[in-house]
Amino acid sequence: MRITQSMITENFMRNLNQNLKRLADVNDMIAAQRKIRRPSDDPVGAALALKLRRQLSAIEQYNSNAKDALTWMKDTETALTNVGDILQRLNELTVQAANGTLTPEDREKILYEVRELKDQLLQEANSTSINRYIFGGYITDKPPFAIVEKEIDGELRKVVELNPEIPDEGKTIDDNDFLEYNLGRSERIPINLIGPEVFEDIFDAVESLENALETNDSEAISGDVLEDIKNSLGIVLKYRAQIGARTNRLEATVSRLDANEVDYLELLNNTEGIDLAELITELKMEESIYRASLSVGARIIQPTLVDFLR
Amino acid sequence: MSSFLGIEIAKTALFANQRAQQTVSHNVANANTQGYSRQRAMMESTYTAYGFGANYQMGTGVKITDINRIRDEFTDRQYRNENSSRGMWNIESDILKQVEAVFNEPSDIGISSVLNEFWKSLETFAKDPSSLEARETVKERGVTLSNTINHAFTQLNDIINDINYRISIQVNDINSIADQIAQLNLQIQQTQIGGASAADLMDKRDLLLDDLSELVQFESYVDENGLFTINVGGAILVKGNESATMEFDTSTANGKITWKEYSSEVRILSGELKGLLDLRDDKIHNYLDKLNEFTQTFVDEFNAIHQNGYNLEGDNGLDFFQYVDGILSVNPDIVNNPSKIASAEDPDGIPGDNRIALELSDFRYKEISIDGRDCTIDEYYGSIISKIGVDSQEAARAADSQAFMVSQLDERRQMTSSVSLDEEMTKMIQYLHGFNAASRMVTTVDEMLNTIVNRMGITGR
């Protein structure tokens, strides 16, 4: 094979260039901290990376959904606990009122406290979570309940009713007004309790107590009214259990999503991330190859016959 | 037989060695000239048929019959074919890298990330459709998404414009090369008619052919009339001293390259020009189609859901996105008033009813029929990115292997044609000795003549 000086030079330049290109490539990967910098680096990996990023972003979102739902649950739980406490006190008062030996003043006092408690109940029924009424179904912007004056048996009475502003233009709180949050792909959780379902019987019970106290109907108080108040306590317990169960589910979801996030991050890192130790080793290797080829270059200017002729 | 023949013979040797020495000098001078093939002075002995009354052949010296260039034309052919292919893949790889940069995936700023942000904003919106902040975010993310997609369209179209610009430059280059080759053909022909070799002119032509091969694939041959001919895709580009002209229609974005003389389209098999046309009419065209399909389907399906809902003002949903004349935007009514984003399935459920908002955020999981297959909008986008990645990877690999092939073939050509200084120095010494010896011959014959003329017949003086 015939070799000439220009061939050696050209070969050297080509190889040097290739070595430098590889060196630059490894450098670039380390600087970018990613081995897939463009789809052509690994088309399959790039598609997978896109998918994993998508899933990670969804997981993050579901996690935030679940946490927001938990806030709502906590606020609902607080409201229901308060309602339970109020009902407990009402129960005591009812038992007290059922005692036939009460003086009219005592009854008056009890009636006063019952009315106070009713106001408190109303407040709880109109609880909000971050400015939204929890028990209003889809009508989150108006308090679901209000005290209205109503004529009952020819007498004007103040009773708790659905907020009269709500049925405006046919709007009403529907039994199916469930506010749902996404917790995953086709996985949803209803976060709210429907106010009228929870509170209708409770307010009825309180108002019948109020009524019986006003009319001094101790028979009713010890009978139906006491029964109703006790039932109300049961209702609250039932819904607290529901909220408790949802809270558990949400907490489980949060910890599952946290674990998923770690898993997917690792997967993503395996797909598009770099193994620094490996790459640094590679970088060192490419560096020494490049240095070696440079030192070869220094020798390219070989003596020719010219140097030996005189 | 002349007494002076001996001097004559030595003189031819002096001239021949001198001429050969000049060739060596020419080689050394051009050792680093691109496209230069080393040359050799071809020597031939001269003779007269028969001596006076004698039955033998009489040598009369040496002459240079030709200055040959040493070149392997078979490898030239191979080199140019592979070089065309290298040119094609190289330019495809280059431009596909630009396309990848347009999409910038996977990253935190590509369409997929912006799309993810859009989905997230919809989720937040679904959690509390009454929140104006959440609505504002959906609107903003929608605008960002529109801008990002529009930007990709603009940049892809810019690349196509750039390709057209390159095509027009290359067509000019080809025409100019064809013209130069035709002129060289004429010069070579004239030189050869005079009986001389045209080594340096032929080198020039070969260099032009190398350049041409990068742009477009061709066949070159000498036709039956001895005319050097270049054939591109079945049509004659150059024949002898005549060349044809390619014309590129720049009036449209997908203009064709035609022959001015034959008024037919130029068939291009390989070379950069082929790569550019492939990208413009096939690959990038295809990505634009797919991106358009993606955008159109996304807009149609998303709007369909949105229209089913009711906004905070109790009205039916508008078109959330508008996709007109290839430009995506969020409905200006919504941009001005995000309360117009629909969230409720039932007008009675305003503002808390989030069923439509949930459906909008679940749209990401909806299998839709796009481009003849069922997949989600995200998956379809992912498939576009994969396709670009695969195309670009294929082009880069092919370009690499072609570059290797071309460099191997070039090495083979260099093996034959390039100047070796060692070799030239050896020849230099060789011709120097030849020259010295011939000079000595002149002196010797001179001495012989001296003997005859001055020293013979002096008896009796």
TODO: Starting from the exponent 0.38 and prefactor 2.2 Å, build the expected Rg for chain B from its residue count and divide its actual Cα Rg by it.
DONE: 1.70
Task: Sorted by Cβ density within 10 Å, fewest first, the residues B:His433, B:His285 - done: B:His433, B:His285
Open item on the list: What whole-number distance in Å separates the alpha-carbon centres of region A:164-225 and region B:224-291?
Closed with: 81
Task: Stokes-Einstein D (µm²/s) once Rh is taken as the Kirkwood radius of region A:186-237 over alpha-carbon pairs, at 4 °C in 1.567 mPa s - done: 105
Open item on the list: On a straight-distance basis, which lysines could pair with A:Lys142 in a cross-link, Cα separation under 23 angstrom, same-chain partners fewer than 8 positions away excluded?
Closed with: A:Lys74, A:Lys118, A:Lys150, A:Lys158, A:Lys171, B:Lys127, B:Lys340
TODO: Using R₀ = 41 Å, calculate the FRET efficiency as 1/(1 + (r/R₀)^6) where r is the Cβ-Cβ separation of B:Asp315 and B:Ala101; round to 0.05.
DONE: 0.45
Open item on the list: Could you check the spin-label model distance between A:Arg291 and B:Gln22? Points 7 Å from the Cα along Cα→Cβ, value in nm.
Closed with: 5.4
TODO: Would you mind giving the mean number of other chain beta-carbons within 10 Å of the Cβ of each residue in A:127-134, as a whole number?
DONE: 2
Open item on the list: Using 0.36 nm times the number of residues separating B:Thr154 and B:Leu207, minus their current alpha carbon distance, what extension gain do you get?
Closed with: 15.2 nm
- [ ] May I ask which residue of B:Ile452, A:Leu183, B:Gly382 lies farthest towards the positive end of the charge dipole of the protein assembly as shown, with charges of +1 (Lys, Arg) and -1 (Asp, Glu) on Cβ and the Cα centre as origin?
- [x] B:Ile452
Task: Cβ-Cβ FRET estimate between A:Ala241 and A:Asp275, R0 fixed at 51 Å, reported to 0.05 - done: 0.50
- [ ] Write down the Kirkwood hydrodynamic radius of region B:37-179, to one decimal in angstroms, obtained as one divided by the mean of 1/r over all alpha carbon pairs.
- [x] 22.8
Task: Proxy reagent accessibility, fewest Cβ within 10 Å first, across B:Asp362, A:Asp201 - done: A:Asp201, B:Asp362
Open item on the list: In region A:61-93, whose amide N lies under 17 Å from the spot 7 Å out along Cα-to-Cβ of A:Lys230? List them in ranges.
Closed with: A:87-93
- [ ] Please identify which residues in region B:340-370 have an amide N closer than 20 Å to a label point set 7 Å out from the Cα of B:Glu140, following the Cα→Cβ vector.
- [x] B:340-342, B:361
Task: Relative contact order [Cα under 8 Å, 6+ residues apart], region B:101-224, whole percent - done: 17
TODO: Would you tell me the mean number of C-beta atoms belonging to other protein chains that fall within 10 Å of each C-beta in A:41-48, as a whole number?
DONE: 6
TODO: Find how many whole Å separate the alpha carbon centroid of region A:1-35 from the alpha carbon centroid of region B:112-167.
DONE: 40
- [ ] Within 10 Å of each Cβ in peptide B:343-355, how many partner chain Cβ atoms are there on average? Round it to a whole number, please.
- [x] 6
- [ ] Bin width 5 Å, alpha-carbon pairs only: give the P(r) of region A:8-85 as whole percents, running from 0 to the bin holding the largest distance.
- [x] 3, 12, 10, 11, 9, 9, 8, 7, 6, 5, 5, 4, 3, 2, 2, 2, 1, 1, 0
- [ ] Calculate the translational D of chain A in whole µm² s⁻¹ from Stokes-Einstein, where the hydrodynamic radius comes from the Kirkwood formula applied to all Cα pairs, the temperature is 37 °C and the viscosity 0.692 mPa s.
- [x] 125
Task: Cα-based helix-to-principal-axis angle, A:43-98 vs chain A, degrees rounded to 10 - done: 20
TODO: Mind giving me the FRET efficiency for A:Leu16 and B:Asn32? R0 is 25 Å, r the Cβ-Cβ distance, nearest 0.05 is fine.
DONE: 0.85
- [ ] Measure out, as a whole number of angstrom, how far apart the alpha-carbon centroids of region A:285-304 and region B:304-331 sit.
- [x] 65
Task: Radius, Kirkwood style, for region B:10-99 when every pair of distinct Cα atoms is counted (Å) - done: 17.4
- [ ] Measure nothing but the geometry: give the 0 to 90° angle between the long axis through the Cα atoms of B:421-450 and the longest principal axis through the Cα atoms of chain B, rounded to 10°.
- [x] 20
Task: Ellipticity estimate at 222 nm from DSSP helix runs (n ≥ 4, -39,500 (n - 2.57)) divided over the protein assembly as shown, nearest 500 - done: -21500 deg cm²/dmol
Task: Ellipsoid semi-axes in whole angstrom, largest first, where each is sqrt(5λ) of the Cα gyration tensor of the protein assembly as shown - done: 101, 28, 14
Task: Packing-based exposure ordering (other Cβ within 10 Å, fewest first) of B:Arg166, A:Arg291 - done: A:Arg291, B:Arg166
- [ ] Return one number: the angle in degrees, 0 to 90 and rounded to the nearest 10, between the long axis of the Cα atoms of helix B:111-127 and the longest principal axis of the Cα atoms of chain B.
- [x] 10
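None of the figures in this text is laboratory data; all of them are computed from the coordinates on show. A quick note: this is a predicted structure, and the numbers were derived from the prediction, not measured. For neighbour counting, all protein chains shown are included, and Cβ atoms are generated from backbone atoms with ideal geometry for every residue, glycine included.
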